[in-house]
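For reference, the structure is listed below as structure tokens.
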Amino acid sequence: MNRFVIRGQRLIAIFFIGCLLFNYPLLSLFSTTGMLWGIPILYIYAFTSWLIIIVLMFIAIKLRH
Amino acid sequence: MMLQGGIILFVSFAYIGILFAIAHYSDKRADAGRSVISNPYIYSLSLAVYCTAWTFYGSVGHAASTGIGFLPIYLGPTLMAALWYLVMRKIIRISKLHHITSIADFISSRYGKSSSLAGLVTIIAVVGIIPYISLQLEAVSTSFAVMWEHSEIAATVPRNNMTIFSDTAFYVALLLAMFAIIFGTRHLDTTERHEGLVAAIGFESIVKLLAFLVVGFYITYGIFNGFGDIFTRASQVPELQTLFTMENAGTYTDWTWLMFLSMMAIMFLPRQFQMTVVENVNEKHLDKAIWMLPLYLLLINIFVLPIALGGRLLFPSGVVDADTFVLTIPISQGQEELALLVFLGGLSAATGMVIVATVSLSTMVSNELIMPALLHFGPLRLSKSRDLGGVLLTIRRSTIIIVLLLGYVYFRATGTSYTLVSIGLISFAAVAQFAPSIFGGIYWKTGNHLGAITGLSAGFVMWTYTLFLPSLAESGYLSPSFIASGPFGIELLKPYALLGLSGLNPITHSLFWSMLVNVGGYMILSLVGRQTIIEHSQAAQFVDIYKQAEDNDIRLWRSTSSVPVIRSILEQFLSPARVDEALNQYAQKRNLDWSKDDVADTELINYAERLLAGSVGSASARVLIASAVKEEPVSMDEMMYMLDETSKVIAYSRELEQKSRELELATSELRAANEQLKQVDRLKDDFISTVTHELRTPLTSIRAFSEILYDNPDLDSAQRSKFMNIILKENERLTRLINNVLDLSKIESGKMEWHLTTLDLKEVIEESVATVEQLIKEENITLDLDLSEPTSLTVSDRDRITQVLLNLLSNAIKFCDRENGKITVRLGEVDEQLSVSVLDNGPGIKLENQELIFDKFRQVGDTLTDKPQGTGLGLPICRQIITHFGGDLWVESRPGNGSKFIFTLPVVAPNEDGSDNEPDYTPPIFANGQTQKEQG
């Protein structure tokens, strides 16, 4: 039960991190016409944040303690 | 080469044939007990039924005009998945325990198995999902048309001019209905799970993902030169550059609400609930799905922006519907095979959604709407007819056809006036209405039936008014002035700007108002209203699901019926073989024999109800069972009695706990006391053996010398008197020893008689010194008496104190330096304490022995060479005496520097002295003879 609780809390934390990353005002910081490696910065930001969230969830589920 | 219509049809049918084969195969495997879907990967893929034609075609169309505006629909589920570990797990656990068959069943079951609530949820779900189904029909028929006509113009064929029978969408609807019927309503099952269906959906998820990745890769790297190339070229077109920022992606408020909306959708869309909860084989599969579903969403969206911008770059603006870019770009490049693959991907996406949605809707409509209605009002009174299972299946099959046709009607009605995404969002907003009742239902026990019904109805009405009706109005079925200036020209009631609220897009606007009245209605009426007994019991079971063991169905009814009656009810819906199996299982578990026991008790009736619930939903199951079973709700008095009993039991068990805690405490105390007793006992044994040993030594020598005297009467007188002397001395020693032992035991047992008088210690010391003066002189010891300090009086037993002093003095004499012996006796007074010290200049006592010498029979020194010079009881007795009078006796010594024995006695105030009576002061003595030490 203990592991269940701590894992749940980690995932809740990830949820809030995601809410922060994908909302105003952080999102607006990247809303520019600038590009990086030929890709608009906003797109890079959105997709890498997304990937990071998924990786975090993966780790949170995998961790055994 | 032109793609022939025949080829397209052939490929479509071949593909659907493959799906059938997969479904059939996995159904067979499931019957054989080797499920193919019982693994987290298929489970995760089946959840990707979330990605429909909307994702496949619509995302690109949406991205082509809003940039990353399409993303919240996928970010929401990603974030929600993180919360699934808590929320969805709970819902799955509840659903498994209560045999939940649909989202309507879940809500109605939580709020007291209410048929009215189940019906309401079903109606909302059906009405809400119809636009969504029409979206799929539109997408599939458009893709058919694009492939068929081979031209961009097909996307904008004015549909209103077509007859139904020349419309591909109509045939698509029929085809999908057929497919759903075959997969979803093959047979009735108590668990309402469809292995074949899940396997087929999992396969479709792979196909649509692969198709989209392939076409995305082709467009990005085949037509263009990679991501960078597309975006760099787009950045040179000012119109497209605006898509790089949030400029066209809607306001941040809309963005956030959309994310919230999709969070609700991934949980409460009937098809998502079906896949995630009802079809879930193992709760543990959820763990993997939590990150695999978001990963799937990420993958299927990677190429959306390149395709959207590529399409905008390739086609002149406004000629080609952006919703068809995925298909039209490969066709324009002459890649017909690729286009065919994309078409299949789109078909997968659309069919997957339609099949699961209609199956789950048909379950709801039959279980929660039609069955209860028939059972309640039916002229048939179904309970009389046999084989209701067949009736149920017919109802479901008809429902699937009706729902698909309604989707088609909505599609014809709204035409192409909407983009795919905006149609889908209307459905999302409808199912979001379930959120308050469900979240409240699993976390808030107070939430009641009235609140849920009110919240849901109010939210649904608000949704209908602010989204559904306007969508019909925009298609010309209602006056356009309804939107522009409100009904009857009342500005405040404009459906897109209710009460003048503007600045939000229609979806956000509707969501805000509907959620406001929904949550508000739910909470207020839950707080005001009361729960019936069954609601209360269900609420507790849902909220506290983790505290419950299986089969722990609390039932507040006493009901009786007979086994044959129960059996006949079950056989109306389940095959007799299945019923036999279930009843035998039950009997085996409880050691019953149906040939003898034919009274169905409450437990069996509950069991039967749960079995039925799996087929017809909990609300219908309750009605069915109630029709056949004599149920008496427990009266209020009995209820109070039960409660009272329960609380008594609780109080009693608390008391027991308390008692047992006290008992434990007492036990440990007893154990400690016992240990102490054993210790004392051992000490006593030691003491007795030491005493006897000490007594034997002088006795032995007395006896030995007496024998010598007796046997040798002719001994010379010098010898004789020497021996007599030894006998005398040993006798004295024996007497002293016995006196000491008696003293000690008297003191320890508290039987010592104390003769208290007021004492001037100065006098006592002088007397004692006088007693030993002779001895001191003989030993050539210098005695230094320091009694100059004026001191107060004390109350004590003169003889005892003298005894202490003599003991200390004789010790000092014994251990004094042989050559230049010196003894100093000093009397002083510090802090109301008189202190007497006796200092010698002997060998001193080692630090580790300074306490030991106060133990009985402990004589410090080399016991092998030195003859014991005392009884070994002197100092222990002295200490007992001194502590008895509230003083303290200790030694200060360093080896080689002599020893200083000090004792203290408390001062008695002068006005209390002068009397020989026993003073008030009684020294504290414990029963076991040990005297409490006071600090001096």
Relative contact order, percent, of chain B when contacts are C-alpha pairs under 8 Å separated by at least 6 residues? 14
With a point put 7 Å past each Cα toward its Cβ, work out how far B:L847 is from B:R798 in nm, to one decimal. 4.3
Rounded, prolate or oblate for the range A:2-62? Axes are the square roots of the Cα gyration tensor eigenvalues, ordered a ≥ b ≥ c, and the cut-off for rounded is a/c under 1.5. oblate
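With an 8 Å cut-off on Cα pairs and a minimum separation of 6 or more residues, tell me the relative contact order of the range B:753-912 in percent.
On the way: 295 pairs, mean separation 39.4, N = 160.
Rounded, it is 25 percent for the range B:753-912.
Estimate the FRET efficiency between B:I402 and B:N39 by the formula 1/(1 + (r/R0)^6), using the beta-carbon distance for r and 45 Å for R0, to the nearest 0.05. Kindly include the intermediate steps, with their values, before the conclusion.
Details: r = 35 Å, r/R0 = 0.78.
Calculated transfer efficiency: 0.80.
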Can you find, among B:N731, B:L787, B:I747, the residue sitting farthest towards the positive end of the charge dipole of the range B:675-799, where Lys and Arg contribute +1 and Asp and Glu -1 at Cβ? B:N731
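Given all pairs of different Cα atoms, what value in angstroms does the Kirkwood hydrodynamic radius of the range B:433-548 take?
On the way: mean 1/r = 0.0643 Å⁻¹.
Evaluated on the range B:433-548, it is 15.5 Å.
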What distance in nm separates the simple spin-label points at A:K62 and B:K284, each placed 7 Å from Cα in the Cβ direction? 1.8
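Using Cβ counts within 10 Å as a stand-in for footprinting exposure, how do B:Y546, B:Y296 rank, fewest first?
Values: B:Y546 11, B:Y296 23.
Ascending number of Cβ neighbours within 10 Å: B:Y546, B:Y296.
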Just to compare against my own numbers: the Cα pair-distance distribution for the range B:753-912, 10 Å bins, whole % per bin, please. 10, 41, 36, 11, 1, 0
Could you give the size of the charge dipole of chain B about its Cα centre, using +1 on the Cβ of each K and R and -1 on the Cβ of each D and E, expressed in debye and rounded to the nearest 20? 4800
Mind checking the angle between helix A:41-62 and chain A's longest principal axis? C-alpha axes, 0 to 90 degrees, to the nearest 10. 10
Could you check which residue among A:L11, A:L36, A:L27 shows the biggest mean-square fluctuation in a GNM of chain A with a 10 Å Cα cutoff? A:L36
Mind scanning B:K90/B:K445; B:K729/B:K814; B:K90/B:K284; B:K777/B:K822; B:K547/B:K659; B:K288/B:K445 and naming the pairs with a C-alpha gap bigger than 19 Å? B:K547/B:K659; B:K288/B:K445
Test of understanding: express the Cα radius of gyration of chain B as a ratio to 2.2 N^0.38 Å, with N the residue count. 1.71
Going by C-beta contacts inside 10 Å, put B:T358, B:T142 in order with the fewest on the left. B:T142, B:T358
To the nearest 20 debye, what is the magnitude of the charge dipole of the protein assembly as shown about its Cα centre, counting +1 on the Cβ of each Lys and Arg and -1 on the Cβ of each Asp and Glu? 4960
Gain in span if fully extended, B:A666 to B:W754, counting 0.36 nm per residue against the direct Cα distance: 28.0 nm
Measure off 7 Å from each Cα along the Cα-to-Cβ vector at A:A13 and B:D786, then give the distance between these two points in nanometres to one decimal. 7.2
Compare the Cα positions of B:Q236, B:A63, B:T328 along the charge dipole of chain B (+1 at Cβ of Lys, Arg; -1 at Cβ of Asp, Glu; about the Cα centre) and return the one farthest towards the positive end. B:T328
For B:L783, list long-range residues whose amide hydrogen, built 1.01 Å from N in the peptide plane, is under 5 Å from its own amide hydrogen. B:I823
To the nearest 10 degrees, how steeply does helix B:195-217 sit against the main Cα axis of chain B, on a 0 to 90 scale? 80
What are the semi-axes of the equivalent ellipsoid of the protein assembly as shown, taken as the square roots of 5 times the eigenvalues of the Cα gyration tensor, listed largest first and rounded to whole Å? 101, 37, 28
Ranked B:V304, B:V391, criterion: other C-beta atoms within 10 Å, fewest first: B:V391, B:V304
May I ask you to derive the relative contact order of the range B:638-742, considering only C-alpha pairs under 8 Å and at least 6 residues apart, and to give it as an integer percent? 26
Using a Förster distance of 30 Å, how high is the FRET efficiency between B:F20 and B:A373, based on the Cβ-Cβ distance and rounded to 0.05? 0.35
Hey, with R₀ at 41 Å, roughly what FRET efficiency would B:L9 and A:L51 work out to, going by the Cβ-Cβ distance, to 0.05? 0.55
For the protein assembly as shown, with the dipole built from +1 on Lys and Arg beta-carbon atoms and -1 on Asp and Glu ones, taken about the Cα centre, which of B:G520, B:L175, B:I400 lies farthest toward the positive end? B:L175
Which distance in Å, rounded to a whole number, links the C-alpha centroids of the range A:1-47 and the range B:768-811? 93
Charge dipole (debye, nearest 20) of the range B:638-742; +1 at Cβ of Lys and Arg, -1 at Cβ of Asp and Glu: 620
Quick one: what are the phi-derived ³J(HN,Hα) couplings along the range B:809-823, Karplus 6.51/-1.76/1.60 with θ = phi - 60°, whole Hz, x for glycine and proline? 5, 5, 4, 4, 5, 4, 9, 5, 4, 5, 7, 10, x, 9, 10
Percent of all Cα-Cα pairs per 10 Å bin for the range B:638-742, counting from 0 up to the last occupied bin, reads 12, 20, 14, 11, 9, 9, 8, 7, 5, 3, 1, 0
Please give the calculated 222 nm ellipticity per residue for chain B, where each DSSP H segment of at least 4 residues contributes -39500 (n - 2.57) and the sum is spread over every residue; nearest 500 deg cm²/dmol? -20500 deg cm²/dmol
Calc'd 3J(HN,Hα), the range B:255-270, phi into Karplus 6.51 cos²θ - 1.76 cosθ + 1.60 (θ = phi - 60°), Hz, glycine/Pro = x, comes to 4, 5, 5, 5, 5, 4, 4, 6, 4, 5, 5, 5, 9, 10, 4, x
Helix B:636-711 sits off the longest principal axis of the Cα atoms of chain B, rounded to the nearest 10 on a 0 to 90 degree scale, by 30
Quick check: Cα centre of the range B:674-750 to Cα centre of the range B:209-273, how many Å? 110
What's the extension gain from B:E732 to B:L656 if we count 0.36 nm per residue and subtract their Cα-Cα distance? 20.9 nm
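What does the extension gain come out to for B:F217 and B:S502, with contour length at 0.36 nm per residue minus their alpha carbon separation? Provide the component values of the computation, followed by the final result.
Numbers: separation 285, 0.36 × 285 = 102.60 nm, distance 4.15 nm.
Gain in length upon complete extension: 98.4 nm.
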For the range B:176-183, just list the computed ³J(HN,Hα) in residue order, Karplus coefficients 6.51, -1.76 and 1.60, θ = phi - 60°, integers in Hz, with x standing in for Gly and Pro. 5, 4, 4, 4, 4, 5, 5, 7
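Every number here is computed from the coordinates shown, using simple stated rules; none is lab data. Since the model is a prediction, treat every value here as computed from it, not as a measurement. Neighbour counts are summed over all protein chains in view; Cβ atoms, including those assigned to glycine, are modelled from backbone coordinates with ideal geometry.
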